[in-house]
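Just below is one structure, and these are the notes that go with it.
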Number of protein chains: 2
Amino acid sequence: MNAIETLVGELGRLPGIGRKTAQRLTYHILKGSRDDARRLARAIDRLASEVRLCGACGNLSDMDPCEFCRSPRRDAGQLCVVEEASDIPAIENSGNFGGLYHVLGGRLSPLDGVGPEDLNIRGLLRRIDDPVREVIIATNASVEGEATATYLQRLLASSADVRITRLARGLPVGGDLEYADGVTIAEAFAGRREM
Amino acid sequence: MNAIETLVGELGRLPGIGRKTAQRLTYHILKGSRDDARRLARAIDRLASEVRLCGACGNLSDMDPCEFCRSPRRDAGQLCVVEEASDIPAIENSGNFGGLYHVLGGRLSPLDGVGPEDLNIRGLLRRIDDPVREVIIATNASVEGEATATYLQRLLASSADVRITRLARGLPVGGDLEYADGVTIAEAFAGRREM
């Protein structure tokens, strides 16, 4: 297979990119400078080589512990629990949260065979100790996200003496946190309520 | 800048890919295997290293002359003139053309300062000799594509004794050839008319 068809095939494996979009992107890369193309290739290579899971919070980062867990400027008294590492940039961009994160690596979904033991919940329980005053549950506003939030609320209420809050329903119902805009996320932070 | 932000930035430079899509793609690549990511990076690198302009027709290929110009099975009596190399796969997929191609590298567009001297027209005139019986002008059905077709028709009619045809208006008016489906392209080939 020649270089053009090979790249069209590889790009077509990405989510939301069909064959025609893959062709369009390939020809765009071809028309640009070789340096631009090489920089893109290097960025993907670097991602594959350098990014790893943070042993503390489950975030994806090129440092372990990640930049949040190692920062002395973050408030270790607040722990924001998210489904995926990709939710963290959305929250950071809203500029409303200065605490630490915990990444579950998914959501409870019995239909897909995802139970509590498949999520990074044991790690969460290990972190709920002295400095943590509040756990903010920031799972998605979907059915599975709500179920995960309720499960965590019950688990944490019985095993730790911390305030447990949930992001307000400022998020569009059924929507993914990852795609929400910063203002909506900020409102959701401001209106978070006791569980 | 860390590896994640670097790739989000690079992907965001591609056409039609905004910041959120770039983030989504980056996390998709992160979640996949390292081998998948490396294969994508290698495909881009290979594109940048191996693909060059065909000296005969202006197509982008990893061979010079390209696979069409060097193939003994293509009919050298038919020459299909397209705006961009990216139009060629669309025509090939329609399965209705077995001749050779000529890539102009753009279209006449006085507003953008693109005149005849900016297109690969001199190369086209050099190719219009003995074996060529027919020149099929397959520029886009846009205003610029039509203007380019008319310009080429006049130029070729005065300088060579060949049949000059234009793809039929099976193409949606104003549409780009690159995005047309195979059936539409096939109909356009079948209904091509004298100019």
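Data table
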quantity: Residue tally, condition in a loop (DSSP other than H, G, I, E, B), more than 16 Å from the chain's Cα centre (by Cα) and modelled with pLDDT of 75 or more, over the range B:161-195; calculated: 3
quantity: Selection count where residues are farther than 20 Å from residue A:87 by Cα and in contact with a helix residue (DSSP H, G or I) (Cβ under 6 Å, 6 or more places away or on another chain), scope the range A:100-157; calculated: 0
quantity: Residue under evaluation residue B:142, criteria (1) within 21 Å of residue B:58 (Cα to Cα); (2) buried (at least 16 other Cβ atoms within 10 Å of the Cβ), criterion not met; calculated: (1)
quantity: Candidate set from the range A:55-67 (those that are within 24 Å of residue A:153 (Cα to Cα) and in contact with a strand residue (DSSP E or B) (Cβ under 6 Å, 6 or more places away or on another chain)); member that is surrounded by the fewest Cβ atoms within 10 Å (Cβ to Cβ); calculated: A:58
quantity: Test for residue B:125: is it out of contact with any strand residue (DSSP E or B) (no Cβ under 6 Å at 6 or more places or on another chain), open to solvent by 20 Å² or more (accessible area, probe 1.4 Å) and free of Cβ contacts under 8 Å to residues at least 40 places away in the same chain; calculated: yes
quantity: Unique residue being under 24 Å from residue A:31 (Cα atoms) and basic (Lys, Arg) when the list is B:133, B:122, B:163, B:126; calculated: B:122
quantity: The one condition in (1) open to solvent by 70 Å² or more (accessible area, probe 1.4 Å); (2) in contact with a Lys or Arg (Cβ under 6 Å, 6 or more places away or on another chain); (3) not hydroxyl-bearing (Ser, Thr, Tyr) that residue A:149 fails to fulfil; calculated: (1)
quantity: From A:187, A:178, A:92, A:146, residue being under 20 Å from residue B:31 (Cα atoms) and not β-branched (Val, Ile, Thr); calculated: A:178
quantity: Hey, residue A:50 among the acidic types (Asp, Glu), closer than 22 Å to residue B:28 by Cβ, surrounded by fewer than 17 Cβ atoms within 10 Å (Cβ to Cβ) and modelled with pLDDT under 95 or not; calculated: yes
quantity: Residue list for the range A:1-47, filter: among the β-branched types (Val, Ile, Thr) and in contact (Cβ under 8 Å) with a residue 12 or more places away in the chain; calculated: A:4, A:8, A:26, A:29
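The values are calculated or read from the model by the stated rules, or taken from the named source; none is laboratory data. This is a predicted model, so every value here is computed, not measured. Please note: Cβ atoms are built from the backbone with ideal geometry, for glycine as well, and neighbour counts cover all protein chains shown. The area values use the complete protein model at the heavy-atom level, side chains included, leaving out ligands, DNA and RNA. Shrake-Rupley method; radii C 1.70, N 1.55, O 1.52, S 1.80 Å.
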